[in-house]
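The values are calculated or read from the model by the stated rules, or taken from the named source; none is laboratory data. Keep in mind it's a predicted model, so treat the numbers as computed, not measured. Using ideal geometry, Cβ is built from the backbone for each residue, glycine included, and neighbour counts are taken over all protein chains shown.
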């Protein structure tokens, strides 16, 4: 170990040493460590000795905080003085599905206030499931003169006025990435706020905003931002307008088309085709909100180098998809809607042998029409053709144990396996048995599995399998599953790397909750809603583990002894000081 | 110095946090006795309270206990036939044994009261983000982006196209056509059509028949109109009067 070695000291350098037993001057150590990028590696580095801990904290530029309540901005800025990029995640994931009431918290503002003082050179902010107001966005725009990149996903509390402030005042902005958010979409005027002198944009994503923007302003903006690599426009942009944008930005690597639907003349059609032909660097394509069949062919020349196709909002059918995929041999990631059906997935298996990630979203999740969607045969077809598949998110209405077993035999490298059989508690539709063996096959075959979401009719056996085999599992999502406390206990005892456990509507009670007492401090968080846990059970956990925050959300007028929604997470920040009245910290 | 571990994901859970030995399964088993006692006393305490009366559930008002979704999967499993029947029935209209045109067959089914609530009633299920859900609703509201139809006029060298979705009534539509083609249609009457006008607005419907604009309710017109034609009064003689 460096700090223990007793090397000959060079007297010239002695004054530079903070600690004279170190063989390296701190500047050198910091320089070397600044090249260590991985979070896990930096964490290990900081544990070696005091010198390395200090060198690491001084040289660190990016920080990732998976739970904004696990630490305070004061503690963060005290430890890391030179941060340029912050990634923050706020609400528990189930808030995406309306299981967390509004005004729960995760307000970015207190963080920004501290950052304005301690990180005046902040360049990048990536937020997920945070509460962000227009005032906060304005504050951001004014407080950080070097601010470059803003990315918002699943956030809420702001409107397009906040975006206008960012566009107006962030002179050095390179990235504005507005993904799926609960934004108050007032109008498209924000886009016109980029000053005419502004040319630094590299990433612009406003695909998920609905209002028209001033196309003239957009065209000029795209024209003068020569480094623009990512452009994702919204539905209001027509094919003709898209063509004009492409002509100005043939260097694009990622394109989100508009609605992709319009009546074009022959000339417009060929101009569009030529424009796509000229985009030699495209590797990511998304959008196609309406996607008239007749125009998909203009995409073909641009498809050869595509690695990521995000058609998760494009209502394509199997024929459209097949014809397109013929031209996409290099595809690595594909997101589609289940309108493509099993036949479309067969085409995936046939034409995209390099596929690593597949996500199939439901067009009709509430069964309001006659929706066929995809079945187990589509899943098998993909697995047969795409042996490198390691990430799947699959929404379906029917599944069998045998099919899943076949899939994971074909593709044993799964790291992320998220299967959603859309009717809660639904068994294997051919044998009427629970889906235990399906997930048993997944965890037995896929030794690298990190993330698992289960569904269908499941007994404790599923969880026994998980506890016994899923030794690399980090995230588990459970809904309407299990028979008794034993199920949850198996997972808590058996999965050493478990970090996030989220459970809803399952029969796990206090005994199960207590079996994780030895584990929760090594996890990011536990969520349990509509289970059998009681308030007294939660109080016991809070008592036994003061370093955990144990929070209960109970609706008004509910049963006082039941703990409807429990959120338990480790924290060095102590109990929340900004909890709303419906969040009880025990 | 141990707090920094919370900021990163440590690769080994048995870390510096515990000064005592890490919680092996043995030590947990030893301490479960006290947890078991705790759990027992909690259970006893809870049965003394009348939990059923104040229980929160998901489900339609007036449903009996069997409709409870949370935590009671034996219910779902015992009804698994009905739930799987219902779910497959929604999917496939082709299954001959299910008579989907006779909706009452399902509603009169014995297990109707015991069937789990439809998916739309379960909060946050299936697990898709609000943004996507809202997008679906929008899609249902607008079957197409616009409803462009061709408009031809007797004697005109080329056709025009208009978006029917833009208009809410016949009067709006006719005014626009009058402007576009510099003509007038005169007064519409059910009995006489546009009798007396030099020009008459007509449309071709789904069956390929040429109809007088104005005869049917606006919505019906919208759903059956394939294209428009402004005919000369003489051309349209057969359409207006019966």
Just checking, which of A:198, A:215, A:206, A:194 is out of contact with any strand residue (DSSP E or B) (no Cβ under 7 Å at 6 or more places or on another chain), buried (at least 16 other Cβ atoms within 10 Å of the Cβ) and within 27 Å of residue B:163 (Cβ to Cβ)? A:215
All positions within the stretch A:497-511 that are farther than 11 Å from residue A:523 by Cβ and facing chain B (nearest Cβ under 7 Å): A:505, A:506, A:507, A:510, A:511
Can you find a residue in the stretch A:64-81 that is at pLDDT below 85 and touching a helix residue (DSSP H, G or I) at 6+ places or on another chain (Cβ under 7 Å)? no
Subset of the stretch A:49-61 that is within 12 Å of chain B (Cβ to nearest Cβ) and outside any helix (DSSP H, G or I) - its residue that is nearest to the chain's Cα centre (by Cα): A:60
State which residue is nearest to the other protein chains (Cβ to nearest Cβ) when the search covers only the stretch A:19-48 and only residues that are within 30 Å of residue A:107 (Cα to Cα) and outside any loop (DSSP other than H, G, I, E, B). A:43
What do you reckon, is residue A:86 modelled with pLDDT of 90 or more and in a loop (DSSP other than H, G, I, E, B)? no
Set A:434, A:424: member being farther than 23 Å from residue A:314 by Cβ and at pLDDT below 95: A:424
Checking residue A:407 against (1) more than 21 Å from residue A:355 (Cβ to Cβ); (2) buried (at least 23 other Cβ atoms within 10 Å of the Cβ); (3) touching a helix residue (DSSP H, G or I) at 6+ places or on another chain (Cβ under 6 Å), which test does it fail? (1)
Please work out which residue is surrounded by the fewest Cβ atoms within 10 Å (Cβ to Cβ), limiting yourself to the stretch A:522-541 and to residues that are assigned to a helix (DSSP H, G or I) and facing another protein chain (nearest Cβ under 7 Å). A:536
Residues located in the stretch A:492-508, provided they are surrounded by 23 or more Cβ atoms within 10 Å (Cβ to Cβ) and not in a helix (DSSP H, G or I): A:495, A:498, A:501, A:503, A:504, A:505, A:506, A:508
I'd like to verify a number: residues in the stretch A:562-575 that are touching a strand residue (DSSP E or B) at 6+ places or on another chain (Cβ under 6 Å) and surrounded by fewer than 16 Cβ atoms within 10 Å (Cβ to Cβ), how many? 1
Give the number of residues within the stretch A:281-296 that are surrounded by 16 or more Cβ atoms within 10 Å (Cβ to Cβ) and within 17 Å of residue A:261 (Cα to Cα). 10
Condition first: surrounded by 23 or more Cβ atoms within 10 Å (Cβ to Cβ) and within 10 Å of another protein chain (Cβ to nearest Cβ). Now tell me which residues in the stretch A:410-424 satisfy that. A:420, A:421, A:422, A:423, A:424
Yes or no: residue A:264 surrounded by 21 or more Cβ atoms within 10 Å (Cβ to Cβ) and touching a residue at least 12 places away in the same chain (Cβ under 8 Å)? no
Whether any residue in the stretch A:560-567 is touching a helix residue (DSSP H, G or I) at 6+ places or on another chain (Cβ under 9 Å), in a loop (DSSP other than H, G, I, E, B) and at the interface with chain B (Cβ under 10 Å from one of its Cβ atoms) is what I want to check. yes
Can you tell me which residue is farthest from the other protein chains (Cβ to nearest Cβ) among those in the stretch A:382-406 that are assigned to a helix (DSSP H, G or I) and within 15 Å of residue A:456 (Cβ to Cβ)? A:405
Working only within the stretch A:474-491, note down all residues that are more than 8 Å from chain B (Cβ to nearest Cβ) and either surrounded by 24 or more Cβ atoms within 10 Å (Cβ to Cβ) or at pLDDT below 95 (or both). A:478, A:487, A:488, A:491
Return yes or no: is residue A:85 surrounded by 20 or more Cβ atoms within 10 Å (Cβ to Cβ), over 16 Å from the mean Cα position of the chain (by Cα) and more than 12 Å from chain B (Cβ to nearest Cβ)? no
In this structure, does residue A:192 turn out to be more than 27 Å from residue A:98 (Cβ to Cβ), away from chain B (no Cβ under 14 Å), part of a loop (DSSP other than H, G, I, E, B) and modelled with pLDDT of 95 or more? no
I need a count of the residues in the stretch A:302-318 that are within 14 Å of chain B (Cβ to nearest Cβ), in contact with a helix residue (DSSP H, G or I) (Cβ under 7 Å, 6 or more places away or on another chain) and surrounded by fewer than 23 Cβ atoms within 10 Å (Cβ to Cβ). 2
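Residue-wise test of (1) out of contact with any strand residue (DSSP E or B) (no Cβ under 6 Å at 6 or more places or on another chain); (2) within 29 Å of residue A:264 (Cβ to Cβ); (3) part of a loop (DSSP other than H, G, I, E, B).
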position	(1), (2), (3)
B:151	no, yes, no
B:158	yes, yes, yes
B:165	yes, yes, no
B:172	yes, yes, no
B:175	yes, yes, no
B:178	yes, yes, no
B:195	yes, no, yes
B:203	no, yes, no
B:220	yes, no, no
Per the list (1) modelled with pLDDT of 95 or more; (2) within 10 Å of another protein chain (Cβ to nearest Cβ); (3) surrounded by fewer than 23 Cβ atoms within 10 Å (Cβ to Cβ), residue check on residue A:548 breaks on (2)
Scan of the stretch A:89-110 for residues that are at pLDDT 95 or above and more than 21 Å from the chain's Cα centre (by Cα), ordered by number: A:109, A:110
Quick one: in the stretch A:430-441, of everything that is in a loop (DSSP other than H, G, I, E, B) and either touching a helix residue (DSSP H, G or I) at 6+ places or on another chain (Cβ under 6 Å) or buried (at least 24 other Cβ atoms within 10 Å of the Cβ) (or both), which residue is farthest from the other protein chains (Cβ to nearest Cβ)? A:435
Check on residue B:124, at pLDDT 85 or above, within 23 Å of the chain's Cα centre (by Cα) and on the phi > 0 side of the Ramachandran plot: yes
